[in-house]
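This report refers to the structure that appears directly beneath it.
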Amino acid sequence: MMTSYRPNFEPLDEEEKELQNLDASTAFPESTREAILRPYRSGPRKSVTMRLSESVISGLKAKADIDGLPYQTLAAMILQKYINGSLLDKNAVKEVVKVLQESR
């Protein structure tokens, strides 16, 4: 599946030009991809119903398309990372990087 994502900037070099056309769903061999996804698809499963805004659902589907994943698998991955405490806050990461750069 080829992603419909296109960056809103011009590639800077040859490597970025190659990455621009990368199909995320084929970035890993199928066996590696399945091994990565297995923990999020294994074990007992329970069906749930959630009411989410259309913007959340469409955003989730767009991100999943970019990553070459089913959107429900992506949602399960995000929830599992949140529960494990490994879901990172982008602003917190930026702040840490800023502090580290200033300390050089």
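Using the structure shown, decide if Ile78 is surrounded by 12 or more Cβ atoms within 10 Å (Cβ to Cβ), among the β-branched types (Val, Ile, Thr) and closer than 23 Å to Glu30 by Cα. So Ile78 passes the test.
Which one of Thr32, Thr49 is in a helix (DSSP H, G or I) and hydroxyl-bearing (Ser, Thr, Tyr)? Spell out the reasoning first.
Details: Thr49 fails: in a helix (DSSP H, G or I).
Exactly one residue qualifies, and that residue is Thr32.
Of all the listed residues (Ser58, Ser42, Ser31, Ser53), the sole one being within 24 Å of Asn84 (Cβ to Cβ), of a type outside the set (A, V, I, L, M) and out of contact with any Phe, Trp or Tyr (no Cβ under 6 Å at 6 or more places or on another chain) is Ser42.
Assess whether Pro11 counts as being modelled with pLDDT under 80, surrounded by 11 or more Cβ atoms within 10 Å (Cβ to Cβ) and not in a loop (DSSP other than H, G, I, E, B).
Values: modelled with pLDDT under 80: yes; surrounded by 11 or more Cβ atoms within 10 Å (Cβ to Cβ): yes; not in a loop (DSSP other than H, G, I, E, B): no.
It is false that Pro11 is modelled with pLDDT under 80, surrounded by 11 or more Cβ atoms within 10 Å (Cβ to Cβ) and not in a loop (DSSP other than H, G, I, E, B).
Scanning the stretch 57-74 for residues that are free of Cβ contacts under 8 Å to residues at least 40 places away in the same chain and among the charged types (D, E, K, R) yields Lys61, Lys63.
Could you tell me whether any residue of the stretch 37-56 is of a type in the set (A, V, I, L, M) and touching a residue at least 12 places away in the same chain (Cβ under 8 Å)? Yes - at least one qualifying residue is present in the stretch 37-56.
Kindly indicate the residue of the stretch 57-104 that is not hydrophobic (A, V, I, L, M, F, W, C) and not in a helix (DSSP H, G or I) and also modelled with the lowest pLDDT among those meeting that condition.
Arg104
The values are calculated or read from the model by the stated rules, or taken from the named source; none is laboratory data. Computed from a predicted structure; not experimentally measured. Using ideal geometry, Cβ is built from the backbone for each residue, glycine included, and neighbour counts are taken over all protein chains shown.
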